[in-house]
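Just so it is clear, none of the values below were taken in a lab; they were calculated from the coordinates. Please read all numbers here as calculations on a predicted model, not as lab measurements. All Cβ positions, glycine included, derive from the backbone under ideal geometry; neighbour counts span all protein chains shown.
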Amino acid sequence: MLGRVLILSASAGAGHVRAAQALERAFAQLGAAHEVHHVDTLQFTNKVFRTLYSKAYIELVDRAPDVLGWLYDIC
């Protein structure tokens, strides 16, 4: 059993948050950790960055999903 689990996500699009929530539920249902916390990392940025990041991410998903896939592969 794990002691504490921290799940980080970015609220740009619903997928990241939903995936983090699913992980949070899975840890809880399995009793695999004493504490599970989900944190939206964009909450710790300023409003201008949060807005620009979210818009840029959605634009990239809509217009150039292959580029996004490539970025995920290399990171």
- Task: Mind putting together the pair-distance distribution for the chain? All Cα pairs, 10 Å bins, whole percent per bin, short to long.
- Result: 18, 38, 30, 13, 0
- What's the FRET efficiency of Trp70 with Lys47 using the Cβ-Cβ distance as r and R₀ = 30 Å, to the nearest 0.05? 0.55
- Query: Once both labels are modelled 7 Å past Cα along the beta-carbon direction, what's the Ala14-Val39 spacing in nm?
  - Reply: 2.6 nm
- Item | With Cα atoms, 0 to 90° folded angle of helix 65-74 axis to the chain main axis | 50 degrees
- Query: Once amide H atoms are built 1.01 Å from N in the peptide plane, which residues 5 or more positions from Val5, or in another chain, come under 5 Å H to H?
  - Reply: Glu35, Val36, His37
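Rounded to the nearest 500, what is the chain's calculated 222 nm mean residue ellipticity when only DSSP H runs of at least 4 contribute -39500 (n - 2.57) each, over all residues?
Numbers: 3 runs with 44 residues, N = 75.
That comes out to -19000 deg cm²/dmol.
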